[in-house]
Amino acid sequence: MWMGRTRRPPEQRRSSLSTLTPSVIRECPQCGHELVLGATACPGCHALIYGGELNAIARDAKALEAKGDFAQAREMWNRSLALLPADSKQAEWVRERVRALEVSQAGREQTTARSSGAWARRLGPLAPIAILLAKSKTLLLAIFKFKFLFSFFWFIVLYAGLFGWRFGLGIAVSVLIHELGHYIDIKRRGLPAEMPVFLPGLGAYVRWDALGVSKRDRAEISLAGPLAGWIAAACCYLLYAHTHLPVWAALARTGAVLNILNLIPVWVLDGAKAVDAMGQVERMGLLAAVLGMWLYTGENIFIFVAAGVGWRLFTRDKPAKDDWSTWVYFVLVLVALGLTLHYVPNVVPRSR
C-alpha cells in the first residue's frame, strides 16, 4: 500500500510527479484489476489509481498555501487533475480549490496594495511595523484554536446544565477522546486535519482532507474513533469498580451506547465508511456478529446496527476485493463496546 512508502523531500516528489503520466500503471493497486492505458480510476473497485501521488500533491499544496505561496499551490493542485477522472467529485473539488486560490491571491494583492499605501501615509515611520503585524498569521491560528475551545466549552455547559457538572464534563471528555482517535489516526498517516469541533446537542466532528485515500484507510480512520471511545468507556468502568460512584457507571454506559450507535453503517456515522471497505461476504459475517452480540447481551441497541448492516447488503457500493482486516477491526470494537455495555450497571445520572 502507498502508506508504506518512504517519504521524500517535496522538491524530489514534485520533480518525479511532473514526469508521471496516467499510462504508467497497468493494474489496480487495490484489487489487481487490469487497467486500460491512461486510466485514473479502477473500473472494478472504483479506487483512484494514483492515490499515493495525489496525497503527496495535496500535502505539498497545503504546505504552500500555509506559507502564502498561492501561485505554486495552484500549480500543484492543477497537476493533480491529470491523475484524476475528469468528471469525478475529487477533480471538481480541485478545480474549485484552484479558483478559490486565484480569488484569494487577487484579493490579497489588491488589499495589500491599498492598505499599504493608506497606512504609509497615515502612520509615517510606523507603517512598516503595522504592515508586518497585518500579515501575521498568529491571529488566524488563534481563531482556529478558539473554535475548538469555544465549541468544547459550550458542549460542557449544555450537558452540565442537563445532568450536573460531573456528568457534563465527563461526557464531553469522552466525546473528545472519541474524536481525538480519528484525529491522531489521520495525523499519523501524514494527512492534514483540524482539531475537533463540537456541536452541542448533536456531537462533534474532525475535518480532514480525504483526497486519494483508499477505502481501507478511510475505514480504519473511522473505526479509530469508536476504539478510542471504548477506551474512555472502559476507563470509566474501572473507576466505577474502584470508587462505586454512580457517575462513572453512567459515563461508561453512555459512552458505550454512543459509540455503538456510531457504528450503524448509515449516513455520516463511522460505521458507514467502515462498511464501505467490506464485500458482500464480510457484510454478511458482520450481520451475524451483530446479531450474536444482541443475543448474548440482550441489548436492543444492536438491532439498529443489524438493521443498518442488513440494508448495506443490498447497496451497490461493494469493493471488488475482500477486506477481512476491516471486518476483524469492526467486530473487535463492536464486541468490546457490547461487553462494556452488558456488564456496566444501568445507572441514570441525577439531573443536578
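For the stretch 238-258, what are the residues that are open to solvent by 60 Å² or more (accessible area, probe 1.4 Å) and assigned to a helix (DSSP H, G or I)? Walk me through it before giving the result.
First pass over the stretch 238-258, keeping only residues open to solvent by 60 Å² or more (accessible area, probe 1.4 Å): 238-239, 242, 244-246, 248, 258.
Of everything in the stretch 238-258, those that are open to solvent by 60 Å² or more (accessible area, probe 1.4 Å) and assigned to a helix (DSSP H, G or I) turn out to be Leu238, Leu239, His242, Pro246, Trp248, Leu258.
Can you pull out the helices (runs of 4 or more DSSP H) entirely within the stretch 262-352 that have at least 1 residues that are among the small types (Gly, Ala, Ser) and without any contact (Cβ under 8 Å) to a residue 40 or more places away in the chain?
Working: elements: 270-276, 280-297, 301-312, 324-343.
Hits in the stretch 262-352: 280-297, 301-312.
Within the stretch 215-236, is there a residue that is open to solvent by 10 Å² or more (accessible area, probe 1.4 Å) and without any contact (Cβ under 8 Å) to a residue 40 or more places away in the chain?
So far as the stretch 215-236 goes, yes, one or more of its residues are open to solvent by 10 Å² or more (accessible area, probe 1.4 Å) and without any contact (Cβ under 8 Å) to a residue 40 or more places away in the chain.
Can you tell me how many residues within the stretch 184-219 are in a strand (DSSP E or B) and within 18 Å of Leu258 (Cα to Cα)?
Within the stretch 184-219, the first condition is being in a strand (DSSP E or B), and the residues that meet it are 193, 197-199, 203-205, 208.
From what's left, within 18 Å of Leu258 (Cα to Cα): 197-199, 203-205.
Qualifying residue count, the stretch 184-219: 6.
Can you work out which of the residues in the stretch 83-92 that are within 14 Å of Asn55 (Cα to Cα) and assigned to a helix (DSSP H, G or I) is modelled with the lowest pLDDT?
Here the residue is Ala91.
Say we look at the stretch 259-283 and pick out the residues that are of a type in the set (A, V, I, L, M, F, W, C) and under 14 Å from Phe302 (Cβ atoms); which of these is surrounded by the fewest Cβ atoms within 10 Å (Cβ to Cβ)?
Result: Leu261.
Regarding the stretch 167-178, can at least one residue be identified that is over 10 Å from the mean Cα position of the chain (by Cα) and at positive phi? Let's see the steps before the verdict.
Step one: of the stretch 167-178, the residues over 10 Å from the mean Cα position of the chain (by Cα) are 167-178.
Among the residues that remain, those that are also at positive phi are: none.
No, there is no match, as no residue in the stretch 167-178 is over 10 Å from the mean Cα position of the chain (by Cα) and at positive phi.
How many residues, within the stretch 34-70, are open to solvent by 40 Å² or more (accessible area, probe 1.4 Å), in a loop (DSSP other than H, G, I, E, B) and closer than 19 Å to Asp217 by Cβ?
Here the count works out to 1.
Look through Asp317, Asp323 and report the one residue that is open to solvent by less than 20 Å² (accessible area, probe 1.4 Å) and at pLDDT below 95. Break it down stepwise before answering.
Numbers: Asp317 fails: open to solvent by less than 20 Å² (accessible area, probe 1.4 Å).
Result: Asp323 is the single residue among Asp317, Asp323 that is open to solvent by less than 20 Å² (accessible area, probe 1.4 Å) and at pLDDT below 95.
Consider Leu295 against the criteria (1) among the aliphatic types (A, V, I, L, M); (2) closer than 20 Å to Tyr329 by Cβ; (3) surrounded by fewer than 20 Cβ atoms within 10 Å (Cβ to Cβ): it satisfies all of them except one. Which criterion is unmet?
(2)
The values are calculated or read from the model by the stated rules, or taken from the named source; none is laboratory data. Since the structure is predicted, the reported quantities are computational estimates derived from the model, not experimental observations. Ideal geometry is used to build each Cβ from the backbone, glycine not excepted, and the neighbour counts take in all protein chains shown. Surface areas here come from the heavy atoms of the whole protein model, side chains and all, with no ligands, DNA or RNA. Shrake-Rupley method; radii C 1.70, N 1.55, O 1.52, S 1.80 Å.
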